[in-house]
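Worksheet: one structure, shown below.
All of the numbers you see were taken from the coordinates with simple rules; none came from a lab. Predicted model only: the values in this text are computed from it and were never measured. As a convention, Cβ positions derive from the backbone with ideal geometry for all residues, glycine included, and neighbour counts pool all protein chains shown.
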Amino acid sequence: MTASPGQHPRAVEQAPEEDMRALFGQSIALFASLVGPEHVVETANPAFLAAIGEQRARTGVPLVELVPELGGQGFIALLDQAYRSGESYTGRDVRVVLDAGPHEREAFFDFTYEPRRDAEGTVVGIQVIGVEITQVKHAQQLMTEHRALLEQIARQAPLSEVLDGMARCIEDLTPQEVLVSVLLAGPDGLHLRHGAAPSLPDFYNEAIDGIATGEGVGSCGTAAHRRESVIVTDIGTDPFWADFRDLADRAGLAACWSTPILARDGSLLGTFAMYHRVPRVPQDFDLALARVFAGTAALAIERHHSEHARRDAEARAEAAREELAAAIHTERELRAEAEQRATAAAELAAQMHAAAAEQATVPHPETCQLGGTDGCTAPAELKVADSWGDAAWGCPAHVEEVIVHVRSAFIASEELGGLGAYINRRPA
C-alpha cells in the first residue's frame, strides 16, 4: 500500500487475520459517574468522552445538557427510573444516535446503569458502565452481507449484479459516508473499464470509463500500474489528480483510496476504490475493509472470466462439430454423385460395346457408303466408327472427310449434353 506524494504514509500490507481484527475492533470500557436527580456528570473516562464527542468532553453539567439527543431516545428516562427505584438497568446491543447534522453517527452499546448509594443506603447518583460495540456490530453486518455476496458468486450470478450489490453493501453499512467504485481491467490490461459505482454521478463514470493505467493517473490508474494500494487523502492537492481535479470537484469528491484487484497469479483484474466527500485519512478498519472486499471482487471476476472461457470453449467445440457434420454430409453427397456417374458411365460403355458388336455383324459392302446423296462407286476399303457406336464403310477419300466431320459433330454434341444426349436421342 502506498500513500501518494506528501500524503499520510500507511503501514505495510496486513495478513487476513489482522484484517479481521481490524474489522471487528477492540472493545474499550466506558465509565461515567453521575450525581443527583439531574444526573450531573461528575467524572468520566476518556473512552466515554470520546464516544459522546471530543467537542463535548467536559464535566460538571447534567448529562442531558451535554448530550441532549439522549433525551428524545429514552435514555434520560431510564436514568430517572434507576435513580428513583434504586434498581440497576442493563441494555444489550442498544442503538444510539449521537450528535446531529453532518456529525451525526449511529452507535451501539452494551451498558449498565448502576445506582450509587451513600452510607445510609440512599441513592445519590448513577454509575454508567458500558462498552461501545459499534465497530463489532457494523463488522458483523458487513460479514453477513459478505457471505451473501459469496453465495451469489457460487450461484454464478451476473458479475454486474455481484459488484453492484457489493458496492451498495459497503456504502450502506460503513459508519462514514463512502462512495464505492469498481473498475475492471480491459482485455489489453492497460485500461480500466466501468464495473460498478451506484452512487457516483453518471458523468463521472462515463469520463473515467477506459482510463489508462499508469503512474500518476489518479488513484485507480496508479494503483493498477503499481499493483499496490494508493491512498489519496486530499484530491484538491494531490499531484496524481492533476488531470482529473476539475472532474472530481464537479462530482463532489475530496478523497480516494484505491486498492488493486489481483488474480491468484498476480495479473490485474481491476481496482476497488472508496471515495469521500471530505479529505480523509483511512483508519485500519477502512484499509482492512478495502482488502477484504477487493478479494471478494477478485473471486467474482475470476469466476466470471472462467465461466466466459468455458462458454467460449463450448461454442468453439459446437462450431467444430457442426463443421465436421457439414463436411461429412458434403463428402457423402459427392460420393453418391460419383457413384451415379460411375453407374452412368458403365451403362454407356455397355451400350457402346453392344452397338459395336451389332455393327460387327453388318456385311462388308462392295462400294463406298460415305458418298452422301451423290453416292460413290469407289470400292469400300475402310470402316469408320464414332464413339457412339455408329459405323460405315467407305473409300479412303470419304473416310478422311468423315473422320473430320464426326469429330466436329461429337464435340458439338458434348456441348449439348455429350454422350448422354446421344444415348437418349430418338431414332432417326
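Worth pointing out:
- Cysteines in the chain that lack a partner Cβ within the 4.7 Å cut-off: C169, C220, C256.
- For I261, the residues 5 or more places off, or on other chains, whose built amide H falls under 5 Å of its own are L269, G270, T271, F272.
- Under-5 Å amide H pairs with R116, H placed in peptide plane, nonlocal only: V124, G125, I126, Q127
- Acute angle (nearest 10 degrees) that the helix 284-360 long axis makes with the longest principal axis of the chain, alpha-carbon atoms: 10
- For region 269-276, the Karplus equation 6.51 cos²θ - 1.76 cosθ + 1.60, evaluated at θ = phi - 60°, returns couplings of 10, x, 9, 10, 10, 10, 9, 9 Hz by residue, with Gly and Pro reported as x.
- Only helical runs count toward this figure. For the chain, summing -39,500 (n - 2.57) over DSSP H runs of n ≥ 4 and dividing by all residues gives -15000 deg cm²/dmol at 222 nm.
- Remark: region 114-126, residue by residue, has Karplus-estimated 3J(HN,Hα) of 10, x, 9, 10, 8, 4, 8, x, 7, 5, 10, x, 10 Hz, where x stands for each Gly or Pro and the curve is 6.51 cos²θ - 1.76 cosθ + 1.60 at θ = phi - 60°.
- Alpha-carbon centroid distance for the pair region 154-221 / region 222-275, whole angstrom: 11
- Across the chain, the volume of the C-alpha convex hull divided among the residues equals 273 Å³ per residue.
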